[in-house]
1. Could you pull out every Cys in the chain that lacks a partner Cys with its beta carbon under 4.7 Å away?
2. With a point put 7 Å past each Cα toward its Cβ, work out how far residue 114 is from residue 256 in nm, to one decimal.
3. Work out how much length residue 270 to residue 12 would gain on full extension: take 0.36 nm times their residue separation and subtract the Cα-Cα distance, in nm to one decimal.
4. Rounded to the nearest 0.05, what FRET efficiency is calculated for residue 194 and residue 131 with R0 set to 41 Å and r the Cβ-Cβ distance?
5. Let's see if you can work this out: charge +1 on each Lys and Arg Cβ, -1 on each Asp and Glu Cβ, no other charges. What is the dipole magnitude of the chain about its Cα centre, in debye to the nearest 20?
6. Kindly flag which residue pairs out of 88/177; 156/193; 56/272 have an alpha-carbon separation exceeding 29 Å in this structure.
7. Describe numerically, in nm with one decimal, the distance between label points set 7 Å from Cα along Cα→Cβ at residue 224 and at residue 24.
8. Which percent of the accessible heavy-atom area of the chain goes to carbon and sulfur, probe 1.4 angstrom?
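The values are calculated or read from the model by the stated rules, or taken from the named source; none is laboratory data. Just so it is clear, the structure is predicted and the values come from calculations on it, not from any experiment. Using ideal geometry, Cβ is built from the backbone for each residue, glycine included, and neighbour counts are taken over all protein chains shown. Just so you know, the surface numbers come from the protein's heavy atoms only, side chains and all, with ligands and any DNA or RNA stripped out. Shrake-Rupley method; radii C 1.70, N 1.55, O 1.52, S 1.80 Å.
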Amino acid sequence: MASTPVAGNLTADIDTAVVDICARAPQMREIVEAFAMLARERLRIGIDTEDWPGVKDFDAEAFAAGEPLLAGREFSGLLRGFIDAAEKLLPVIGRAFPHIALYASGLRSALAARPDLGLQILEAALTDDEQSLQPAAQAAGIPIGTFSFLVFEVLKSCLRLAVERLAHLADDNLWCKGRCPVCGAGPDFGLLKEKRDPSEFLVSKSGRLWLHCSLCGHVWRFVRLVCPSCGETDHEQLDVFTAVGRERERIHACRACLRYLLVIDLVDSREKLNPELTPLMLIPLDLLAREKGYLPLAKTPWGGFS
């Protein structure tokens, strides 16, 4: 991520992000501060992932064909890191979201008593959709929406360390998919940033699109006028919606597959964004897109747990 044009607009500064988001949407202060508490803890704690993802030959042909870098890797090496992260983060989740504190405590106890449950969770979470987590959720006695939220918030902490070791292999010239080249998850938002040619004199004012992974946090380049979900290129099928007074924040929607992506225009902007909290700033657009009948490319953590 350090070499991308958007790197200068991304920051780990959580406190400033909270102030900025709450200034734009004061009614969201409670949820913003809850997720900020979790984000601070994620930065602070150390998680044991030294044994994972391990060494694996880079298969450029498979990668170019659409196989993410984590595909085919053994999840058993991630188990210790996942259990470690759960032990440290689940109590924080319980404090940040008191209405699910009992479930967070229950998952923590279940993982401590049954390490095999952790491996079952990892295999389901990283290879299939949410419904594949249903058996593990039932075993832990937790509603599937809440269970999914808890699992993926813990998993993020592990995978974002793995990204640091693998991101250099994610060649944007080989990858042209709308899902993450590292872990295969969908993007939770996109960023438009100006593209400079090698001479540094010519700038594309329309901007180049960069996608942020909802799970591992990787940022990758994508074709701007293509639907990341279905690949639609017909401009008559691709809509852009904005809210009055917030024209830099956009909904990129596809009529063909009824999916949408929230995008922030940073062309000619030095605005600093915390990537973990930025989706919270876009919740009003998120709601607007859903009202229009569109579905997100990636599930939002605040939209599913109960």
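1. 22, 158, 176
2. Output for this residue pair reads 4.3 nm.
3. Details: separation 258, 0.36 × 258 = 92.88 nm, distance 1.50 nm.
Full extension from residue 270 to residue 12 adds 91.4 nm.
4. Details: r = 41 Å, r/R0 = 1.00.
Efficiency, rounded to the nearest 0.05: 0.50.
5. On the way: 34 positive and 41 negative charges, 122 e Å.
That gives the chain a dipole magnitude of about 580 debye.
6. Values: 88/177 34 Å; 156/193 25 Å; 56/272 35 Å.
From 88/177; 156/193; 56/272, over 29 Å: 88/177; 56/272.
7. Here the modelled spin labels are 2.0 nm apart.
8. Details: 7570 of 14430 Å².
On the chain, the fraction of accessible area on carbon and sulfur atoms equals 52 percent.
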